[in-house]
Each structure stands twice: as structure tokens, then as C-alpha cells.
1. On the first, second and third principal axes, largest extent first, how far apart are the outermost C-alpha atoms of the range 101-153 in Å?
2. If we count other beta carbons within 10 Å of each Cβ, what is the order of 51, 46, fewest first?
3. Fewest first, what order do 48, 35 take by the number of other Cβ atoms within 10 Å?
4. Kindly give Rg over Rh for the range 1-137, based on alpha-carbon atoms, with the Kirkwood expression for the hydrodynamic radius.
5. Quick check on the range 61-161: what does the Kirkwood estimate of hydrodynamic radius come out to from the alpha carbon pairs, in Å?
6. If we count other beta carbons within 10 Å of each Cβ, what is the order of 84, 21, 142, fewest first?
7. From the cross-link list 9/109; 67/125; 49/82, which pairs have alpha carbons spaced over 29 Å apart?
8. Which value in Å does the Kirkwood hydrodynamic radius of the range 1-60 take, with 1/r averaged over all unlike C-alpha pairs and then inverted?
Amino acid sequence: MGDPRKLRKQWEKPKQLFDKSRIDRERKLVRTYGFKRKREIWKIEYLFKNYKRRARNILADYREEDKKILVNKLASLGILSKNSSLDDVLNLNLENFLDRRLQTVVHKKGLANTVKEVRQLITHKKVFVGERVIDQPNYIVSVEEEKKIKLKEKPKKEKSEEAKSSGEIKQETGKESEGEIGEAEQKEESKESGKEVKQEVQEKSGENQKEKDSEGGEKNE
């Protein structure tokens, strides 16, 4: 079975829950970036504080290798350039990390009209990063992954099947309409033929009656 996986802390609650300035700031972030709950903001904020904490520790110990690792990591995420220093890391703000969220990146690429629409596409598993489906709006996108973002495409077979079905429906409706027109024409022809037969019968009966009348007149004479 192996040892159980060690769960890392991903977020922490603010120390002052009823701080008005913090609440107003978080409300603006919710409207701008399309968050659904405050916990998502706290997760990004925890990640942001963790990077700044690492930068302060590296500055205190003068570790050049750790500095390169940290700067390269932030450069791969598109937050800093590779030539940045630790001072640039300390000067970062929360919005620099929020701009690298999957929801924000997809909206900036113009794949949807609003931030809320982007969130719906992500949660419904309509957004691909390469060959992977990512359904987390808070996912931090790297520079390489940003080029591979795309929306799920409908299979072409469905379109062809829909076209066939629509064509068949049109043919059936056309046949039905033709059949109805043919029946109406047949009815009209039958009516006309019936009228002609009646006229012929009436003419014959009139002629017979005339003959009978003429025969009766001759007998009387």
C-alpha cells in the first residue's frame, strides 16, 4: 500500500474575518476575475505569499542556486522575466498571479465573451490545455501551456449526420406535399368526370322522354 500521501496546506483564512477594506477588495476581485467563492482568492493569495516568503529566505542566506530556481519558476509561469532579481519577486502583487489563472487567460484570448462564460466552459470540461481537460478555473497556466489552450470541437460526423437527417426530412415533407397535391388533383378530376356523367345521363333521359312523347302523339293520331 505504501505510506499515505502528505497533504499540503493550500489556503488559510484571513486573520481578521470582518476587515472592511479586505472585504471590499475581495468583492472587486470577484467581479473582475469571475470568482465564485472567496476560498479561491485565498488559495492564490497563499501561493503568492509563499513565493515572497521563499524570496525573503533566499535573500537572508544569499543562496544563488535557489534564487535561479525561484526566478526560472516564476518566468515559466509568465509572471517574471528570466533576468529578474529577488527584488522583483518581492515587488509582485496578487494581480500578477491572478492574471495567470486559466479563467483569465482564456478570456484574454477571446475564446468567450465574458468571464462567467469562460468559467462555465471550464467547469463543463470544454477547455483543453494540449491533450488534457482542465476543469479548474484557478489553474495557473505556464507560458508553454498558454499556446496549447483550445476549446472542445464538435466531431464532424455529427454534422454530416445532422445534414443527412435534415435532407431526409425535407425529402419526406416534399413527398408528402406532392402526394397531397396529387390527391387533390385526383379529387377534382373525379368531381369533373362525375359532373360530365350526370350531364350525359340527363341528356339521354331527356332524349328518351322526347321519343316517348313523340311515339304517344303518333298513336293518338
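Just so you know, all these numbers are worked out from the coordinates, no wet-lab data involved. Note that the coordinates shown come from a computational prediction; the quantities given were computed from them, not determined experimentally. Glycine also receives a Cβ, built like all others from the backbone with ideal geometry; neighbour counts cover every protein chain displayed.
1. Projected onto its principal axes, the Cα set of the range 101-153 covers 24, 19, 19 Å.
2. Values: 51 18, 46 13.
Sorted ascending by nearby Cβ count, the order is 46, 51.
3. Numbers: 48 18, 35 22.
Lowest count first: 48, 35.
4. On the way: Rg = 17.2 Å, Rh = 17.0 Å.
Rg/Rh for the range 1-137 comes to 1.01.
5. On the way: mean 1/r = 0.0654 Å⁻¹.
Mean inverse Cα-Cα distance, inverted, gives 15.3 Å.
6. Working: 84 18, 21 8, 142 15.
In increasing order of surrounding Cβ atoms, one gets 21, 142, 84.
7. On the way: 9/109 32 Å; 67/125 37 Å; 49/82 20 Å.
From 9/109; 67/125; 49/82, over 29 Å: 9/109; 67/125.
8. Working: mean 1/r = 0.0726 Å⁻¹.
In the range 1-60 this quantity evaluates to 13.8 Å.
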